[in-house]
Amino acid sequence: MKEELRKSLEVLRKGGVILYPTDTIWGLGCDATNQQAVQKVFEIKRRPEAKSMIILVAEPIQATFYAEVPEVAMDLIEFSEKPLTLILPKAKGISKSLIAEDGTIGIRVVKDEFCRQIINAMRKPLVSTSANISGDPSPANFYEISDEIKDKVDYVVNLRQDEMQKSTPSRIMKIGVNGEIAVIR
């Protein structure tokens with residue numbers, strides 16, 4: 001894993017896009033603070049900019065660097081047994097293209113060790129969006145990712161590519177400024 005971390009960091013620090021495994025499905029990722037890198041992810045996915053993407057952080061406290069985190073959100077993060085993406089208000093410190101029209105950002109505290117190490121080494125959040133063309137089904141494993149996606153990224157992480165179990169996206173909940181909760185998925 002050490003060599004994959006080194007190669008991925010080299011690409012991410014130069015503003016590149018990686019294809020990588022997460023604790024949910026395979027994702028396209030880049031430095032969430034780099035506007036040009038984020039634009040490249042939108043282009044690879046052919047995704048409209050009005051449809052924002054989520055960011056991954058390694059620790060719950062890191063979420064507070066990029067959004068307002070009501071106390072109930074920290075409780076949800078702490079007690080969630082499955083991957084959970086929280087849509088949080090007052091996004092800040094990230095590429096403007098990642099911030100939804102209402103000023104929110106989707107944040108997931110990732111449990112995957114590769115992701116955690118890369119985020120901590122970068123000291124920045126990592127964009128995470130499914131590794132598919134916008135509108136196509138999300139790939140359940142590496143072999144379902146199209147060659148078009150694989151050919152357009154700057155680096156394909158060589159970890160867990162042989163895993164065949166079906167992966168699923170995270171649960172999504174939106175948390176309001178006053179702690180109100182809405183289940184999205």
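The values are calculated or read from the model by the stated rules, or taken from the named source; none is laboratory data. Treat the numbers as computed from the prediction; the structure is a model and nothing was measured. All Cβ positions, even for glycine, are placed from backbone atoms using ideal geometry, and neighbour counts span all protein chains on display.
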Filter pass, Phe114 being farther than 16 Å from Asp31 by Cα, among the aromatic types (Phe, Trp, Tyr) and in contact (Cβ under 8 Å) with a residue 60 or more places away in the chain: no
Pair list, Cβ < 8 Å and 6+ apart or interchain, from region 81-99 residues that are over 16 Å from Leu126 (Cα atoms) and modelled with pLDDT of 95 or more to residues that are aliphatic (A, V, I, L, M) and surrounded by fewer than 17 Cβ atoms within 10 Å (Cβ to Cβ): Pro89/Val177; Lys90/Val177
Residues of region 146-180 satisfying the condition of being over 15 Å from Leu28 (Cβ atoms) and either over 19 Å from the mean Cα position of the chain (by Cα) or among the β-branched types (Val, Ile, Thr) (or both): Asp162, Glu163, Met164, Gln165, Thr168, Ile172, Ile175, Gly176, Val177, Asn178, Gly179, Glu180
Tally, over region 142-160, of residues that are exposed (fewer than 14 other Cβ atoms within 10 Å of the Cβ) and either polar (S, T, N, Q) or touching a Lys or Arg at 6+ places or on another chain (Cβ under 8 Å) (or both): 2
Residue match in region 43-60 (condition: in a loop (DSSP other than H, G, I, E, B), without any contact (Cβ under 8 Å) to a residue 12 or more places away in the chain and not basic (Lys, Arg)): no
Selected residue (criterion: farthest from the chain's Cα centre (by Cα)) from residues of region 83-127 that are part of a strand (DSSP E or B), of a type in the set (A, V, I, L, M, F, W, C) and more than 18 Å from Arg13 (Cβ to Cβ): Leu88
Per-region count, region 63-76, residues surrounded by fewer than 19 Cβ atoms within 10 Å (Cβ to Cβ) and either under 16 Å from Arg116 (Cβ atoms) or of a type in the set (S, T, N, Q) (or both): 2
Residue match in region 128-141 (condition: exposed (fewer than 14 other Cβ atoms within 10 Å of the Cβ), in contact with a Lys or Arg (Cβ under 8 Å, 6 or more places away or on another chain), touching a residue at least 60 places away in the same chain (Cβ under 8 Å) and part of a strand (DSSP E or B)): no
Test set (1) crowded, with 22+ Cβ neighbours inside 10 Å; (2) in contact with an Asp or Glu (Cβ under 7 Å, 6 or more places away or on another chain); (3) not β-branched (Val, Ile, Thr) - Gly29 fails condition number: (2)
Top-ranked residue in region 11-26 [being in contact with a helix residue (DSSP H, G or I) (Cβ under 7 Å, 6 or more places away or on another chain) and aliphatic (A, V, I, L, M); ranked as surrounded by the most Cβ atoms within 10 Å (Cβ to Cβ)]: Leu12
